[in-house]
Amino acid sequence: TNMPAMPKREIFERIIQNITNKFPDVYAALFISPEGFPINTWGVSLERAEEISALLSALIGKTWEIVRGVKEGGELAFIQIQTNMGGIRIAPQDEFILVTLTKT
């Protein structure tokens, strides 16, 4: 199997910039590969990103179902979770999943 092209740092940083402009309360973000591993992180350490990925793995699987559904004409959906430490939004992209953490 050949590996999908991973988002380059510049692309990642541009996406982060767009997100933080639109959603000022986002304090951290991670890109997670289809296999469930963090590829790139912003605002959190890689260790923390790995913990978050592990905790979210079931939801991330669900997210890929959404992505497959979208390819078949379904609606693109975010998965949003409220925790006592803030909010988590999981957004499916084509080659990776974007997880953002918010203070509220």
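Structural remarks
- In the range 62-89, the residues that are at pLDDT 75 or above and either among the aliphatic types (A, V, I, L, M) or in a strand (DSSP E or B) (or both): ILE79, GLN80, ILE81, GLN82, THR83, MET85, GLY86, GLY87, ILE88, ARG89
- Which listed residue, of PRO24, PRO7, is in a loop (DSSP other than H, G, I, E, B) and modelled with pLDDT of 75 or more: PRO24
- Against the list (1) assigned to a helix (DSSP H, G or I); (2) surrounded by 12 or more Cβ atoms within 10 Å (Cβ to Cβ), the condition GLN17 fails is (2).
- Members of the range 27-39 that are surrounded by 12 or more Cβ atoms within 10 Å (Cβ to Cβ) and at pLDDT below 90: PHE31, ILE32, SER33, PRO34, GLY36, PHE37, PRO38, ILE39
- Candidates in the range 95-104 are the residues that are assigned to a loop (DSSP other than H, G, I, E, B) and either among the aliphatic types (A, V, I, L, M) or closer than 17 Å to ILE19 by Cα (or both); of these, the one that is nearest to the chain's Cα centre (by Cα) is PHE96.
- Yes/no for GLN82 being within 17 Å of GLU13 (Cβ to Cβ) and surrounded by fewer than 15 Cβ atoms within 10 Å (Cβ to Cβ): no
The values are calculated or read from the model by the stated rules, or taken from the named source; none is laboratory data. The structure presented is a predicted model; accordingly, all values stated were derived computationally and were not measured. FYI the Cβ positions are ideal-geometry reconstructions off the backbone, even for glycines, and counts take in every protein chain you see.
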